[in-house]
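Computed from the coordinates by the stated procedures, all read-outs in this text should not be read as laboratory data. What you see is a predicted model, and the numbers here were worked out from it, not measured in a lab. Neighbour counts run over all protein chains shown; Cβ positions are idealised from the backbone, glycine included.
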Amino acid sequence: MNRIYALTLCLLSFAFCSAQQKSDNALLEIMHQHPEQFNSVLQHKENYRLQIVYTRIERDGKNQPHVTTWCLDTGKYYYYPASMIKLLEIPLAMEKIDNLKKKYGISIYDSLVVSGDACGDVYETNYQKRANFSTPAQMIKEMLLISNNHAFNPLYDFLGQAYFNRRAHELGYTSAVITNRFAACDSFQNQITSAVDFYDRKTGKLKYVQPATINHDQPVIKNMNTVVGRGFLNGTVMDPPKNFNHNNFISLWDLHKLLVQLTLPKLQTRKHQIHLLPEDYTFIHKYMGMYLRECVLPKYDTAECQDNKFKFFMTAKESGCAPEGIRIFNKVGQAYGFVTDCSYFVDTINHVEFFLSCSMYVNKDEILNDDVYEYETVAMPFFRNLCNDIYADELKRNRKHKPIFEKWDFADKEF
């Protein structure tokens, strides 16, 4: 029997309830209605390392959300989250800046400059005092919009490897293992975080200095088989299969839970509350839901970057634009054949909302780093069909109380 569990979560609680199998498997029922779309993957879901989480939302008379979640094989397989780890870094970095704000007066709009070059990330030279792209605000914006790897690295230094892991676990994301930057660093270099300075962007005045640190307790993924594939192509040499033991990791369930808590903060418990300001949530929502064509700085070529480029669950119209009223607040990851998307889907016209997260592995030849993956032929059709069918089911569902959405502002501006 497929491991699909119905999990009922109460207001102000997102605790993982007992994994009791139930007959009302909404997720499986939806997919079984369209075998031509899903059976080729479901019948070999172990090979695809398929994991899905779907959360249905009911609003009460006060517009408070109550959620029910169904999971398919969540946590059964190792997967590489790739850029998904940025979704965890963003609120932790904003929270730490807020904690330092009263004493040092820093904000996400100040310039963050990393002193030194721990492992040759040449792009870090762009993050200079008073430069347009030196602020945490711009780094967070680009991580959400285009999944910029180099924007991750200065905030990695700011958090520090030890703090990054410790705070993630304190917040209940116990699966998280943060080991590395997105740069050519070895394990020891990643344990070292460079000194970080904050400058006032208008005056250039130094506001805060954080010394370099080293984490003596190297984090590592435990109790999971992290060896993937039958070989790793290193130039023209075929190396042994890749072991992801020393790569960043967070479970799909924890990512899904994090997305729910970031978009519906009232579902957080006091014990696991991320201490963000209302304007922090507004900022995250804005750039998590923005389309590339709406971005001002930098200006992207939207003839190439369509609305669904970084929103894998979306099927755009022929014009490449999202259907009217559709917003997807999300983060994606894609590398080595692994594809992941965690999304909050909203239809403001028909008053529909739900959460959907999915991860799968599409690497038929089992050779990593050869750039031969079935992203467009297998993964993207599966993701879009899954979202479309859940959306169609949600459109038919009777809601006693229609959701009242916050008034999002997607007008971009230079910081």
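Can you tell me the Rg and the Dmax, both Å, for the Cα atoms in region 278-345?
Using the Cα atoms of region 278-345, the pair Rg, Dmax is 12.6, 37 Å.
What does the charge add up to near GLN64, with Lys and Arg as +1, Asp and Glu as -1, over the other residues with Cβ less than 11 Å from its Cβ? All intermediate terms of the calculation are to be shown ahead of the outcome.
Working: positive: ARG59, LYS62, LYS266; negative: GLU58, ASP60.
Value of the local net charge: +1.
Name the longest site-free stretch of the chain, where the excluded sites are GluC sites (Glu not before Pro) in a DSSP loop with no more than 15 other beta-carbon atoms within 10 Å.
1-303
With a cap of 15 neighbouring Cβ atoms within 10 Å, and only residues DSSP puts in a loop, list the trypsin sites (Lys or Arg not before Pro) found in region 150-240.
Loop-located and lightly packed - LYS202, LYS205, LYS222, ARG230.
Hey, could you grab the Kirkwood Rh for region 327-415? Inverse mean 1/r over distinct alpha carbon pairs, Å, one decimal.
After inverting the pairwise mean of 1/r, the radius is 15.4 Å.
Give me log10 I(q)/I(0) at q = 0.13 Å⁻¹ for region 83-246, Debye formula, one equal scatterer per alpha-carbon, no solvent.
Scattering profile of region 83-246, log10 relative to I(0): -0.65.
Please give the per residue volume of the convex hull enclosing the alpha carbon atoms of the chain, rounded to a whole number of Å³.
Values: hull volume 63.5 nm³, N = 415.
With only Cα atoms used, the chain gives 153 Å³ per residue.
Charges only on Cβ, +1 for Lys and Arg, -1 for Asp and Glu: so what's the dipole of the chain about the Cα centre, in debye to the nearest 20?
1420 debye
Give me, ordered by chain and number, the residues 5 or more places off VAL352 or on other chains with an amide H under 5 Å from its own placed amide H.
Sorted by chain and number, the residues that satisfy this are ASP347.
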